[in-house]
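Structure record follows, encoded as structure tokens.
The values are calculated or read from the model by the stated rules, or taken from the named source; none is laboratory data. Since the model is a prediction, treat every value here as computed from it, not as a measurement. Please note: Cβ atoms are built from the backbone with ideal geometry, for glycine as well, and neighbour counts cover all protein chains shown.
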């Protein structure tokens, strides 16, 4: 049986996720108040506990050991390599967003960093700005709302729009479309190493959120929502709210 082409598969997943998101809609009052839309809170909290258990048993000790054993320079190189492999997807998303400057910066960074096989970042020495975008941001530019808050297995906090974005990015990176792509699995391994580096280097901060908060789920939800809004809206004051007003309201 012939497998479905990756772009077609991603499109099918997009339709499915769109249909699922239609099952829960945010009221006008919720939108006006800035309340985090979390109709699946019970399921999300269960997944959050699963993710915490996985972090405590596997990811946290592995990440801490990784940054202690592997030299900092190698940890940084692996992180550069992961970012390098994501650049073609970043370029495509920048073009879909109509952002030619970011697409150009991404192209220049990819070409320059190819000279060191992506293990370094000489493009920064040439003062070429970093590029970091995704299909979730593309959907935002196209006018799609975040949708319901979702806690994803292993990946953690997200929302319906960004969950769709993750799926589309995974299946449509141009590097994965070549015949017999040599980096089909290498990209995944590189991203895992990058996440391990981040988890190990920021262990104290992550631990304080997951294991020292009175309600780690609510804290993670707030931090993700505010950070994502900042990434997408920049310094637009109209895009923000104080989630603590709702969280601790009498």
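Descriptive notes on the structure:
- Only a single item in (1) modelled with pLDDT of 95 or more; (2) closer than 17 Å to residue 159 by Cβ; (3) touching a helix residue (DSSP H, G or I) at 6+ places or on another chain (Cβ under 8 Å) is not met by residue 14, and it is number (1).
- Residue list for region 127-147, filter: crowded, with 23+ Cβ neighbours inside 10 Å, at negative phi and assigned to a loop (DSSP other than H, G, I, E, B): 131, 133
- Residue 243 vs. criteria surrounded by 15 or more Cβ atoms within 10 Å (Cβ to Cβ), at pLDDT below 95 and either touching a helix residue (DSSP H, G or I) at 6+ places or on another chain (Cβ under 7 Å) or within 27 Å of residue 76 (Cβ to Cβ) (or both): yes
- Filter result for the condition that a residue is surrounded by 14 or more Cβ atoms within 10 Å (Cβ to Cβ) and either more than 20 Å from the chain's Cα centre (by Cα) or closer than 28 Å to residue 218 by Cβ (or both), over 121, 72, 99, 90: 121
- Residue match in region 159-174 (condition: at positive phi, at pLDDT below 85 and not in a helix (DSSP H, G or I)): no
- Residue match in region 96-110 (condition: touching a residue at least 40 places away in the same chain (Cβ under 8 Å), closer than 18 Å to residue 230 by Cα, in contact with a helix residue (DSSP H, G or I) (Cβ under 7 Å, 6 or more places away or on another chain) and not in a loop (DSSP other than H, G, I, E, B)): no
- Subset of region 185-221 (residues that are modelled with pLDDT of 95 or more, within 22 Å of residue 83 (Cα to Cα) and assigned to a loop (DSSP other than H, G, I, E, B)): 202
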